[in-house]
Amino acid sequence: VDPHLADQLILPLALAAGPSAFTTSQITQHLLTNIWVVEQFLSVHFQIEGQEGAPGRVMVTPVNRSNHTLMDEEV
């Protein structure tokens, strides 16, 4: 995917039920920042192959969300 779409895929893939991966034509600082921010809020692990400014691959392994929703939590 192009660099503009790559950083927009981070949150949806972090919320997915299973692991995901994609390649991008350029790893940008914005992509790396989005990954860092999402990792601060969600129990998810991203792995990046490649260097900033070069093509690369992004892999994400989300936590198991089996049947758990925010509605299940007590307030």
### Query
Quick one: Val58, Val37, fewest Cβ neighbours within 10 Å first, how do they rank?
Val37, Val58
### Query
Size of segment 3-72 along its principal axes in angstrom, Cα-based, largest extent first?
42, 18, 17
### Message
Once you place label points 7 Å from the Cα toward the Cβ at Glu52 and His30, how far apart are they in nm?
### Response
1.5
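FYI, it's all coordinate maths here, none of it is from the lab. All figures in this text were calculated on a predicted structure; none of them were measured in a lab. Note that we place each Cβ from the backbone using ideal geometry, even for glycine, and neighbour counts take in every protein chain shown.
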